[in-house]
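To start, the structure itself, in structure tokens.
What follows is calculated from the coordinates using simple rules that are stated; it is not laboratory data. All values reported here derive from a predicted model rather than from experimental measurement. Methodologically, a virtual Cβ is constructed for each residue, glycine included, from the backbone with ideal geometry; neighbour enumeration extends over all protein chains shown.
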Amino acid sequence: LRTLAGVMGNVLEWYDFAVFGFFSDIIGKVFFPKDQSEDLSVMESFAVFGGAFLMRPVGGLVIGYIGDTQGRKKALEISIFLMALATTLMGCLPTYQQIGNSAILLLLLVRMIQGLSVGGQLMSSLVFTLEGKPTNRWGLYGSFVMAGANVGTLLGGCIAYFLRWKLTEDQLMTWGWRIPFLSGILISFCGIYLKYVCTEDEDIAESTELDDPLELEIHRLPSNPLRLAFSQENRRSLLASAMVPLVWSGGFYISFVWLAIYMQDLIDPPVPAAFGVNSGSLLLLGIWFPLAGALSDKIGRRRVMTAGGIFFLVCGPILLLLIGYFGSRSAWIAFGAQTGLSLSLAMWGAPMCAWLVESFEPQARLTSVSIGYNVAQALGGGFSPFVATLLVDEVGIGAPGILLMTLATLSLIGLW
């Protein structure tokens, strides 16, 4: 039940968060002036998408502190209910045509609340799940948690593909874009389950069954986890935890959120069935994840992550070029290139989950992990789609590959 609660919370919360990216072209037309180019509208929409990531370190700090002082379950409940509220409000927002610039401000506000929520949710879910499992299987169970986030993103992509297939552009811009956001209320059921079914006593009982007695210290809550998180002996691990996720955060949003819009709107002619290609690649990513996580339990986190990081560094830019120059000729070419990206990201991202949790002592674990991971998300993930769109517009279709290489290099340095 503990694992199911963590994974399902991730699925629904990341569905809510990712839907914005998949509808960024429509949102750009609905919430910004119409007398501008489509590329500019997409960039403005991705800028708002990135703005939510600025709140993620704040969410990680606040909700992580709550998790270390009041319990992991409490932190997870708060983040889930915040996301349900923000996503439902997103589906009710008035458009630019209705209230002008005020619509942009409301859009930013709702996205900030979403960023605050998701900044605490993923790491709360990860720590909540792993601390109830044997440490020699953390790679596998950590991959389930992150795979849940990927499944949520996949679900958002499938909904986007279905609505674009069934509705006209006028219908999408009038009311169709609201549907996936209003369905975000479903996430509240996971919060209700956590609050009233999965009790704190059950959590403690499960954790006492661990083989490692040091893990029992999880429930001896510190008086000030923030002080411990930023202590001198913790700073090296904290810096590494902010560098290692860079390639995962930036690589994921470029490869599976931005790339869907890139194949649909920024390539002329577009890749056939671009959102279908993207959804298929996300499905494969979810399959690779448990395999890579289990492999890291056998041969070590660093070996698997290093192989994935080097592959992404060398081949990532080439695969993007392949999509840019030849994806329009065949959807299978684009699918094959995205599959390569998904495999390398799985080899990095799946072991990374356990690696992050193992890097810190239990007393300030959630605070430390949340700060490091969400700083990486703010720096490498949030504005990557915006920067990639700008690079394509100003330099050329091969330019985003430079961004991938930079992120991979920084993450490999942090790992070693």
So for the stretch 266-360, averaging the separation of alpha carbon pairs under 8 Å that are six or more residues apart and normalising by length, what relative contact order in percent results?
46
Classify the stretch 237-309 as rounded, prolate or oblate, taking a ≥ b ≥ c as the square roots of the eigenvalues of its Cα gyration tensor: rounded when a/c is under 1.5, otherwise prolate if a/b is larger than b/c and oblate if not.
oblate
Which of C158, C315, C92 moves most in a GNM of the chain, Cα contacts under 10 Å?
C92
Once all Cα-Cα distances of the stretch 35-94 are split into 10 Å bins that start at 0, what whole-number percent is in each one?
19, 36, 28, 13, 5, 0
Between the alpha carbon centres of the stretch 397-411 and the stretch 268-310 the gap in Å comes to 17
Starting from the 7 Å offset along Cα-to-Cβ, what nm value, one decimal, do you get for the label separation of L108 and R137?
4.8
Within 13 Å, Cβ to Cβ, of T95, how many net charges do the neighbouring residues add up to if Lys/Arg are +1 and Asp/Glu are -1?
+3
Rg over Rh, two decimals, the stretch 289-416 (C-alpha only, Kirkwood Rh)
1.02
Compute a Gaussian network model of the chain, connecting alpha carbons closer than 10 Å, and tell me which residue from T389, T135, T153 fluctuates the most.
T135
Compactness of the chain as Cα Rg over 2.2 N^0.38 Å, two decimals:
0.93
For the stretch 14-139, what log10 I(q)/I(0) values come out of the Debye formula at q = 0.16, 0.17, 0.18, 0.20 1/Å, with one point per alpha carbon and no solvent?
-0.77, -0.84, -0.90, -1.03
Hey, fewest Cβ within 10 Å first, where do F53, F311, F326 land in order?
F326, F311, F53
Quick check on the stretch 220-267: what are the equivalent-ellipsoid semi-axes from the Cα gyration tensor, as sqrt(5λ), descending, whole Å?
38, 12, 6
Classified through the alpha carbon gyration tensor (a ≥ b ≥ c as square roots of its eigenvalues; rounded if a/c is under 1.5, else prolate when a/b is larger than b/c, else oblate), the stretch 281-328 comes out oblate
Give me the compactness ratio for the stretch 349-397, meaning the Cα radius of gyration over 2.2 N^0.38 Å.
1.61
What list do you get for S41, S237, S124 if you sort them by fewest beta carbons within 10 Å?
S237, S41, S124
Taking only Cα atoms, what is the 0 to 90° angle, nearest 10, from helix 187-196's long axis to the longest principal axis of the chain?
10
Please arrange M352, M90, M243 by counting, for each residue, the other beta carbons lying within 10 Å of its beta carbon, fewest first.
M243, M90, M352
Helix 331-358: angle to the longest alpha-carbon principal axis of the chain, degrees 0 to 90, nearest 10?
20
